[in-house]
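The values are calculated or read from the model by the stated rules, or taken from the named source; none is laboratory data. Model, not experiment: these values are computed from the prediction. Positions of Cβ are generated from backbone atoms using ideal geometry, with glycine treated the same way; all protein chains shown enter the neighbour counts. For accessibility, only protein heavy atoms count, side chains too; no ligands or nucleic acids. Shrake-Rupley method; radii C 1.70, N 1.55, O 1.52, S 1.80 Å.
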Amino acid sequence: MLHTEFVRNLNCNYERILLDKSPEEKRYQYCIVTRGGIKGLLPCNLRYINGQAYLYYDISSTQSVAQLCSGKRIGRQWMKDFLWGMRRVRRQMERFLLDDTNILWHPQQIFQDLEKNEFYFLYVPYFEGDSGFGELMNYLVEHIDHEDDGLIECVYKMHEQYQILGEIYLKDQIYEDGKRLDIEPKEPVLHTEGSVMNPLQKTEVIETSAMNIQDAKENYENRENKKGILYFLEGRRKKQRDERDNLQLQTGKAMMGHAFCEETIYTKIPSMETSQEAMEEEEQLGRTMYMENVNDSTEEVEALYLESGQLLTRIDSQTIILGKKKEEADYVIEDASVSRMHARITRDKEGIYLEDLNSTNGTFKNGLRLQPYEKRRLDKEDEIKLGKIILFFR
């Protein structure tokens, strides 16, 4: 089992792997990988600390797949980009005569550059353990967009074929199966009763009948598997819908205690005995507005404040990502010193935590820098520094 950790050194962030035995540095794979320059592989170097050997992988300016997809669903385009990146790196392995089974496929050890939209992988020379591709397939099945039937069927088939064929499936067939993602689903053309089909349409039907029969056979053979796909993932869809409903419920709870009043006009119908003077006096008093009684004891919500004391954002959800990339961050901080996905605030039963997301200029709590992906608990009046931006937790 590999022992990995995230560290920072010389203005770079690394994932380092402790080797269980002293490496043979002059062997071919070590020489090629540490030399660098292979597209799709993270730059790597070998270091010795207190008599122990470590492989250092430079992960600066990237994010792991596990972090990127933790709070959102994987879509069709992301999956196509990932397969292309996977194919590119495997071709590089063939070019440099490297064993492609030495790539680690665990979601937390695959990285993406959000600016270049490229994927990078860890290559461990002469690795003999589990590469983690089965774990990756399970992760994809769990996190794909369950509203896209075509994506579901494609990923589920990949998962099934890998379980049957193993590493052989990764050579070429997985990319052929991935081509299904290029095909957009089409709505079938239905002929209602009484509609007339022209002779040209009839000819087309006859010419394609043999093909349709073959397709029907294939569909029949796969029908039970397809049903299994839909039944298997129906629970995933329900979970996704429940998450949306829960978010709406939390939003509704957050609005409780805030009263909104409309102007209520009470019109008095004068009787015959009402004098003109009384009516004029009533009109001068003005209209009466109804105010709803509101309980002032609202629940206190933690928040982040700027140095000036201005409110930056309330921490009213379980997860808040801070960064400058609008597509990935929940709250955007437009500053050059802030990374695209810089830090994350998380809430659980035990408290609120600050986590660095492999930022370039670092995340600091009370002046102490967090290691990449390190989490620390926040207390009231803690100072948080993201690049050059200073915040306070209150």
Condition first: under 30 Å from ASP20 (Cβ atoms) and under 15 Å from the mean Cα position of the chain (by Cα). Now tell me which residues in region 114-124 satisfy that. PHE119
Just one of the numbered conditions (1) at pLDDT below 95; (2) in a strand (DSSP E or B); (3) not basic (Lys, Arg) is not true of GLY37; which one? (2)
When you scan region 68-93, how many residues do you find that are closer than 13 Å to PHE119 by Cα and not hydrophobic (A, V, I, L, M, F, W, C)? 6
Of all residues being charged (D, E, K, R) and not in a strand (DSSP E or B) in region 1-26, which is nearest to the chain's Cα centre (by Cα)? Just the residue, please. ASP20
With criteria (1) surrounded by fewer than 20 Cβ atoms within 10 Å (Cβ to Cβ); (2) within 21 Å of ASN13 (Cβ to Cβ), ASN358 comes up short on (1)
Can you pull out every residue in region 76-103 that is open to solvent by less than 50 Å² (accessible area, probe 1.4 Å) and either among the charged types (D, E, K, R) or in contact with a Pro (Cβ under 6 Å, 6 or more places away or on another chain) (or both)? ARG76, ASP81, ARG88, ARG90, ASP100
Just the residues that are within 29 Å of LEU357 (Cα to Cα) and open to solvent by less than 50 Å² (accessible area, probe 1.4 Å), please, taken from region 3-29. VAL7, CYS12, ASN13, TYR14, GLU15, ARG16, ILE17, LEU18, LEU19
Quick check, is ARG344 under 24 Å from the mean Cα position of the chain (by Cα), buried (at least 21 other Cβ atoms within 10 Å of the Cβ), free of Cβ contacts under 8 Å to residues at least 60 places away in the same chain and over 18 Å from LEU306 (Cβ atoms)? yes
Taking ASP177 as the residue in question, decide whether it is modelled with pLDDT of 90 or more, out of contact with any Asp or Glu (no Cβ under 6 Å at 6 or more places or on another chain) and open to solvent by less than 100 Å² (accessible area, probe 1.4 Å). yes
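Table: residues versus (1) touching a residue at least 24 places away in the same chain (Cβ under 8 Å); (2) farther than 23 Å from ILE17 by Cα; (3) among the β-branched types (Val, Ile, Thr).
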residue: PHE82; (1), (2), (3): yes, yes, no
residue: LEU98; (1), (2), (3): yes, no, no
residue: THR101; (1), (2), (3): yes, no, yes
residue: GLN112; (1), (2), (3): yes, no, no
residue: TYR126; (1), (2), (3): yes, no, no
residue: ASP130; (1), (2), (3): no, no, no
residue: LEU140; (1), (2), (3): yes, yes, no
residue: GLU147; (1), (2), (3): yes, yes, no
residue: TYR156; (1), (2), (3): yes, yes, no
Does region 111-133 include one or more residues that are among the hydrophobic types (A, V, I, L, M, F, W, C), under 24 Å from GLU355 (Cβ atoms), at pLDDT below 95 and in contact with a helix residue (DSSP H, G or I) (Cβ under 6 Å, 6 or more places away or on another chain)? no
So, in region 40-65, how many residues would count as being surrounded by fewer than 16 Cβ atoms within 10 Å (Cβ to Cβ) and in a helix (DSSP H, G or I)? 0
Can you say whether SER317 is in contact with a helix residue (DSSP H, G or I) (Cβ under 9 Å, 6 or more places away or on another chain) and either over 18 Å from SER60 (Cα atoms) or open to solvent by 70 Å² or more (accessible area, probe 1.4 Å) (or both), as far as the supplied structure shows? yes
Flagged in region 116-163 as basic (Lys, Arg), closer than 19 Å to CYS69 by Cα and assigned to a helix (DSSP H, G or I), in numbering order, are none
For the list (1) over 27 Å from the mean Cα position of the chain (by Cα); (2) among the aliphatic types (A, V, I, L, M); (3) within 20 Å of GLU135 (Cβ to Cβ), I need the number of the one condition that MET86 fails. (1)
